[in-house]
1. Would you tally the residues in segment 71-95 being farther than 12 Å from PRO39 by Cβ and touching a Gly at 6+ places or on another chain (Cβ under 9 Å)?
2. Do you know which of the residues in segment 21-32 that are in contact (Cβ under 8 Å) with a residue 40 or more places away in the chain and outside any strand (DSSP E or B) is least open to solvent (accessible area, probe 1.4 Å)?
3. Which of the residues that make up segment 87-109 are open to solvent by 50 Å² or more (accessible area, probe 1.4 Å) and of a type in the set (A, V, I, L, M, F, W, C)?
4. Filter segment 33-86 down to the residues that are open to solvent by less than 20 Å² (accessible area, probe 1.4 Å), in a strand (DSSP E or B) and closer than 13 Å to SER108 by Cβ and list them by number.
5. Scanning segment 6-15 for residues that are open to solvent by less than 90 Å² (accessible area, probe 1.4 Å) and within 21 Å of PRO92 (Cβ to Cβ), which turns out farthest from the chain's Cα centre (by Cα)?
Amino acid sequence: IDNPGTVTGTNAEATLEASEAVPSCQSNYDASVWWVWTPSENGLLTVDLSASDFDTVLTLHDASQAEEACDDDGGTGLASLIVNHPVTAGEPVYIRVGGFGGATGSISM
């Protein structure tokens, strides 16, 4: 899927929901924010948080909120990176960004 672009935000003042599952790749995690993206065609999704300014934890989830991918520190420095995650047209992908140890800051993906 050739749909490059940058999405920005922040997790300042974010918290965890009571029912929010702990990421499989990092249990020392807090201050999460979520995005949802629905692909228009089948393909591979890359989410790179290297331009964010804090230690990130990244997870991808399906519509039932089941975790499909998790990364902590796979990108540049302490940033998270998930590369070539398969996606299906019309099926939403939930993208969760949190901070290691409760870290907060500006998100750029």
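1. The qualifying residues number 4.
2. At the first step, the residues of segment 21-32 found to be in contact (Cβ under 8 Å) with a residue 40 or more places away in the chain are 21, 23-26, 28-32.
Remaining after also requiring outside any strand (DSSP E or B): 21, 23-26, 28.
Numbers: ALA21: 64, PRO23: 5, SER24: 92, CYS25: 50, GLN26: 34, ASN28: 74 Å².
Only one residue tops the list, namely PRO23.
3. The one that is open to solvent by 50 Å² or more (accessible area, probe 1.4 Å) and of a type in the set (A, V, I, L, M, F, W, C): PHE100.
4. VAL47, THR56, LEU58
5. The residue in question is ALA14.
The values are calculated or read from the model by the stated rules, or taken from the named source; none is laboratory data. Note that this is a predicted model, so its numbers are computed, not measured. Counting neighbours? That spans all protein chains shown, and the Cβs are built from the backbone with ideal geometry, glycine included. In case anyone asks, the SASA skips ligands and DNA or RNA and just uses the protein heavy atoms, side chains included. Shrake-Rupley method; radii C 1.70, N 1.55, O 1.52, S 1.80 Å.
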